[in-house]
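Here the structure comes first, spelled out in structure tokens, and everything after it is commentary.
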Amino acid sequence: MRTAAALLLSPFAVAAQEPAAQPAVAQGLVAVAPGQFAGIVEARVTLAVEAIDQAGRTIVLKDTKGEQSKFVVGDQVKNFAQIKVGDLVVISYSQELLMTLRKGGGQLRERIDSGQQGTAAPGQMPGAFESKEVAFIADVQQVDRKKGTVTLRGALRTVTLKIKDPKQLKMISKGDQVEGVFSEAMAVAVVPAGAKARK
């Protein structure tokens, strides 16, 4: 929980940590149609504000097991003074990957990045969101039918994905290509003590 909180609370930290080399959604894709695959990972964490040092801009958060973690909050977080002991920090996170198989390949590998981010307006409780989207064409570099994995080489990186359906895996061969979109979104919101976090 502490590692996850540190990663997900990156908008509140002085220096954001690097994301994991392998996206969580890589652990399992399901077939939605012949040659089409989809995967989604969603997580939601609620942490309670246990202590605050306004002058030092530090905050101590406690999870449901009672474990505490201390974070230094950067100046980019607006309205920090409004956070009180007992407030809740709600973190929502999702990854989604959609891919379509292109037999035989032939196209150039490419990657197009886009995204947006924002923070709470003055006077509101602190909060932040960030979303990223990557449209790509990647080469199938390796297919491991025993492990049920496919290794894709994109324009900037190489990843290994787990394909849960053996029949779909048989359709994929080295030299094919996949075209897809990977999206990732995170939102952090502070909910006042006594208020219920939105589902």
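The values are calculated or read from the model by the stated rules, or taken from the named source; none is laboratory data. In this text, all values refer to a predicted model and were calculated from it rather than measured experimentally. Note that each Cβ is placed from the backbone with ideal geometry, even for glycine, and that neighbours are counted across all protein chains shown. For accessibility, only protein heavy atoms count, side chains too; no ligands or nucleic acids. Shrake-Rupley method; radii C 1.70, N 1.55, O 1.52, S 1.80 Å.
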Applying the Karplus parametrisation 6.51 cos²θ - 1.76 cosθ + 1.60 with θ = phi - 60° to the phi angles of region 127-142, what ³J(HN,Hα) value in whole Hz is obtained for each residue in order, glycine and proline being reported as x?
x, 7, 9, 8, 10, 10, 9, 10, 9, 8, 10, 10, 8, 7, 8, 7
For region 160-177, what does the Karplus curve 6.51 cos²θ - 1.76 cosθ + 1.60, with θ = phi - 60°, yield as ³J(HN,Hα) per residue in whole Hz, taken in order and with x for Gly and Pro?
10, 10, 8, 9, 6, 9, x, 5, 5, 4, 5, 6, 9, 9, 4, x, 6, 10
What pairs from K132/K174; K103/K167; K147/K170; K147/K167; K147/K174; K103/K132 go past 19 Å between their alpha carbons?
K132/K174; K103/K132
Accessible area per residue in Å² at 1.4 Å probe, computed on region 68-130
59
Summing -39500 (n - 2.57) over every DSSP H run of at least 4 residues in the chain and dividing by its residue count gives a helix-only mean residue ellipticity at 222 nm, to the nearest 500 deg cm²/dmol, of -1500 deg cm²/dmol
All-pairs alpha carbon distance profile, region 144-199, 5 Å steps from 0, percent:
4, 12, 20, 16, 10, 7, 6, 9, 9, 6, 3, 0
Which ³J(HN,Hα) values, rounded to whole Hz and listed in residue order, are derived for region 76-86 from phi using the Karplus coefficients 6.51, -1.76 and 1.60 in 6.51 cos²θ - 1.76 cosθ + 1.60 with θ = phi - 60°, glycine and proline given as x?
5, 7, 7, 6, 4, 5, 7, 6, 10, 4, x
Once Rh for the chain is found with the Kirkwood sum over Cα pairs, what is the Stokes-Einstein diffusion coefficient at 10 °C and 1.306 mPa s, in µm²/s?
85
Could you check how much of the accessible area of the chain is carbon and sulfur, as a whole percent, using a 1.4 Å probe?
53
Nearest-20 debye value, the chain charge dipole, Cβ charges on Lys, Arg, Asp, Glu:
680
Would you please calculate the Kirkwood hydrodynamic radius of region 37-77 over all C-alpha pairs and express it in Å, rounded to one decimal?
12.2
